[in-house]
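Structure first, commentary second.
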Amino acid sequence: MQVVSLRSDAHAESDPLSGRKPASAMIEIEHVSQRFQTSGKQSHLALSDINLTIEDGAFVSILGPSGCGKSTLLYIVGGFVQPTDGVAKVKGKAITGPGPDRGPVFQEFALFPWKNVLGNVMYGLRQQGVKKAEAEARGRKLLEMVGLKGYENFYPKELSGGMKQRVAIARTLAYDPAVLLMDEPFGALDAHTRTRLQNDLLDIWDRQRKTVLFVTHSVEEAVYLSDKVIVMSRSPGSIKEIVDIDLPRPRKRADLLLDARFQKYIVDIEKMIDDGGKDDL
Ligand SMILES: Nc1ncnc2c1ncn2[C@@H]1O[C@H](COP(=O)(O)OP(=O)(O)OP(=O)(O)O)[C@@H](O)[C@H]1O
């Protein structure tokens with residue numbers, strides 16, 4: 001993938017010595033619970049008293065057994081679901097709905113089949129009132145950034161799963177959201193494509209330092225990508241452990257596979273998940 005400069009303003013006040021901004025809270029989740037009404041008069045407590053602070057520019061993954069509320073938590077931060085209790089905030093403000101500061105990359109938000117790749121990436125920009133020529137220039141730059149230069153005129157049905165996921169990422173990056181919300185974005189891909197997209201995502205994150213909230217079922221993926229891994233326990237979903245991943249960056253998967261600390265994180269986190277029950281991830 002080619003390196004294209006497309007920095008967000010997040011670096012504007014970086015410390016000239018370290019190149020890093022002082023940590024500040026991007027997302028705050030305070031006493032959030034979520035109860036869903038189910039059939040009849042039943043209800044289901046999907047999340048119970050979640051408290052979490054995610055710092056600006058952090059890469060945070062969420063792991064936990066199926067049904068523990070990972071997607072629900074992402075939807076709450078996205079503003080698509082209003083919690084029944086507690087409050088979720090972005091940059092100190094309560095989240096009351098979706099906004100351009102939070103970019104979802106969810107499987108549910110499929111590409112428009114009737115628009116070509118460039119049209120899909122430009123769509124949100126045009127909706128925001130960006131002039132056609134500028135939207136097109138930004139769209140082309142983003143497609144180059146995600147490794148899809150030359151595919152601008154292709155339609156979604158002509159793309160592989162990995163390419164579609166790249167378009168989805170470019171489409172979300174087009175808004176330049178401060179936060180990326182990614183719900184198992186690489187889950188359906190083959191191992192090789194998945195590794196490539198993980199590396200590309202780390203590359204983009206390294207250059208733009210967006211805050212990333214990333215739901216996955218893969219412990220290895222979570223440890224490889226993240227600064228922090230949130231381990232949830234199931235039913236009602238709550239936070240079991242928060243693990244700081246103290247591995248140097250930039251990370252190379254091939255090196256990490258031989259690194260005893262990387263392997264220990266994986267074993268420890270798998271044990272945490274197993275201790276919560278016998279659920280499969
Ligand atoms: N709109 C809804 N109405 C009723 N129940 C819901 C709704 N959305 C989610 N749930 C329930 O909330 C719980 C958490 O669902 P969620 O999709 O957040 O879990 P998850 O951890 O992301 O699962 P998976 O890993 O299988 O994707 C599940 O029991 C699910 O059935």
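A few notes on this one:
- When region 201-248 is reduced to its Cα atoms, the Kirkwood hydrodynamic radius in Å: 11.9 Å
- Descending Cα extents along the principal axes, the chain, whole Å: 51, 51, 40
- Given their separation in residues at 0.36 nm each and the Cα-Cα distance between them, residue 244 and residue 206 gain 11.9 nm when the chain is fully extended.
- Computed from Cα atoms alone, the Kirkwood hydrodynamic radius reported for region 129-210 is 13.4 Å.
- Close amide H pairs (under 5 Å, H built 1.01 Å from N) link residue 26 with 54, 55, 56, residues at least 5 positions away or on another chain.
- Ordering 62, 269 by the number of other Cβ atoms within 10 Å of each residue's own Cβ, fewest first, gives 269, 62.
- Using only alpha-carbon positions in region 75-216, the gyration tensor eigenvalues give semi-axes of 25, 18, 14 Å once each is multiplied by 5 and square-rooted (largest first).
- What separates the Cα centres of region 21-45 and region 78-120 is a distance of 15 Å.
- Helical mean residue ellipticity (222 nm; -39500 (n - 2.57) per DSSP H run of 4+; nearest 500) of the chain: -10000 deg cm²/dmol
- Computed 3J(HN,Hα) for region 265-272, one whole-Hz value per residue from the Karplus formula 6.51 cos²θ - 1.76 cosθ + 1.60 where θ = phi - 60°, is 4, 4, 4, 4, 5, 4, 5, 4, glycine and proline marked x.
- For residue 143, net neighbour charge (Lys/Arg +1, Asp/Glu -1) across residues whose Cβ lies under 12 Å away: +3
- Coordinate range of the alpha-carbon atoms in region 55-102 per principal axis, descending: 30, 27, 18 Å.
- Distances between placed amide hydrogens fall under 5 Å for residue 95 paired with 88, 89, 90, all partners being 5 or more residues away or on another chain.
- Value of Rg to Rh for region 137-265 (Rh from inverse mean 1/r over Cα pairs, i.e. Kirkwood): 0.99
- Fewest-first ranking of 192, 217, using other Cβ atoms within 10 Å as the exposure measure: 192, 217
- Computing FRET efficiency as 1/(1 + (r/R0)^6) for residue 255 and residue 128, where r is the C-beta to C-beta distance and R0 is 35 Å, gives about 0.30.
- Each residue of region 15-104 gets 112 Å³ once the volume of the Cα convex hull is shared out per residue.
- The H on the amide N of residue 147, modeled in the peptide plane, is under 5 Å from the matching H of 2, each at least 5 residues off or on a different chain.
- Table column - 3J(HN,Hα) (Hz), region 211-220, Karplus curve with 6.51, -1.76, 1.60, x for Gly and Pro: 7, 10, 10, 10, 8, 8, 9, 9, 5, 4
- Net length available on complete extension from residue 109 to residue 149 is 12.1 nm, with 0.36 nm assigned per residue and the Cα-Cα distance removed.
Computed from the coordinates by the stated procedures, all read-outs in this text should not be read as laboratory data. Computed from a predicted structure; not experimentally measured. Note that we place each Cβ from the backbone using ideal geometry, even for glycine, and neighbour counts take in every protein chain shown.
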